[in-house]
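These notes concern the structure reproduced below.
The values are calculated or read from the model by the stated rules, or taken from the named source; none is laboratory data. Just so it is clear, the structure is predicted and the values come from calculations on it, not from any experiment. A quick note on method: Cβ atoms are made from the backbone with ideal geometry, for glycine too, and the neighbour counts reach across all protein chains shown. Surface areas here come from the heavy atoms of the whole protein model, side chains and all, with no ligands, DNA or RNA. Shrake-Rupley method; radii C 1.70, N 1.55, O 1.52, S 1.80 Å.
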Amino acid sequence: MGLLNKLFGNSIKEEETMTNAKLKIGIILGSTRQGRVSPQVGEWVKGIADKRADAEYEIVDIADFKLPFLGEGTGAEPGLQAWNEKLDSLDGFVFIVQEYNHSITGALKNALDSARDAWNNKAAGIVSYGSTGGARAAEHLRGIMGELLIADVRVHPTLSLFTDFENGSVFKPAELHLENVNAMLDQVIAWSGALKTLR
């Protein structure tokens, strides 16, 4: 028995440490345009998440990284390296997604394409908004995430521009969304923990 403990004891302790360490979840703002409301939605999600105390949550604003369009930069831009390092440090994601012309923003697509391995074997949830709750954009995002080996969870809070925003610019979410956000976060945390064992 002593020999088994010597052989396997360290790996068991490492696995327990990895399992018990708090997960890091990035709440990614998917728009960079002037007058965007994604920061309001992101802060609302973070406020709900922080009350749970089951992970470390942070806002990740793609606008801060000033990413070049894929294929147009040198590949050595500081923002590109910082973006990949930030994604590398995270165990899972919540995408704040707005619908433009039935899809995600060009800025979000570029941000997704600007990394590869840093996305792999991680989980993500989606909170979307638009005239139809951003549902069509979310479906496009799911297809992209599959290609990047991101496991997207089922629960998907959808916010309406007509009922959850005042004048389309001031975010005033209905109370009913709280349960969906928490259910989505439950799944993101469960899957993020499980997938961490693959990395």
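How about segment 23-57: which of its residues are part of a helix (DSSP H, G or I) and either open to solvent by less than 10 Å² (accessible area, probe 1.4 Å) or more than 26 Å from Lys109 (Cβ to Cβ) (or both)?
Initial filter on segment 23-57 (part of a helix (DSSP H, G or I)): 38-50.
Passing the criteria: Ser38, Val41, Gly42, Val45, Gly47, Ile48, Ala49, Asp50.
For Val60, indicate whether it is aliphatic (A, V, I, L, M) and in contact (Cβ under 8 Å) with a residue 60 or more places away in the chain.
Taking the combined requirement at face value, the residue does not satisfy it.
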Members of segment 70-100 found to be open to solvent by 50 Å² or more (accessible area, probe 1.4 Å), out of contact with any helix residue (DSSP H, G or I) (no Cβ under 6 Å at 6 or more places or on another chain) and either at pLDDT below 95 or assigned to a strand (DSSP E or B) (or both), listed by number: Gly71, Glu72, Thr74, Gly75, Ala76, Pro78, Tyr100
Flagged in segment 101-126 as buried (at least 20 other Cβ atoms within 10 Å of the Cβ) and outside any helix (DSSP H, G or I), in numbering order, are Ile104, Thr105, Ser114, Lys122, Ala123, Ala124, Gly125, Ile126
Return the residues of segment 168-199 that are outside any loop (DSSP other than H, G, I, E, B), among the hydroxyl-bearing types (Ser, Thr, Tyr) and more than 15 Å from the chain's Cα centre (by Cα); say none if nothing qualifies. none
All but one of (1) farther than 27 Å from Ser114 by Cβ; (2) open to solvent by 40 Å² or more (accessible area, probe 1.4 Å); (3) of a type in the set (A, V, I, L, M) hold for Ala183; which doesn't? (2)
Take Ser114 and decide whether it is of a type in the set (S, T, N, Q) and at pLDDT below 95. no
Looking at segment 127-145, which of its residues are open to solvent by less than 10 Å² (accessible area, probe 1.4 Å) and either within 14 Å of Ile96 (Cβ to Cβ) or among the β-branched types (Val, Ile, Thr) (or both)? Val127, Ser128, Gly130, Gly133, Gly134, Ala137, Ala138, Leu141
Which residue pairs have Cβ atoms under 7 Å apart, sit 6 or more places apart or on different chains, and have a first residue in segment 146-169 that is without any contact (Cβ under 8 Å) to a residue 40 or more places away in the chain and open to solvent by 50 Å² or more (accessible area, probe 1.4 Å) and a second that is of a type in the set (Gly, Ala, Ser) and in a strand (DSSP E or B)? Thr158/Ser128; Leu161/Gly130
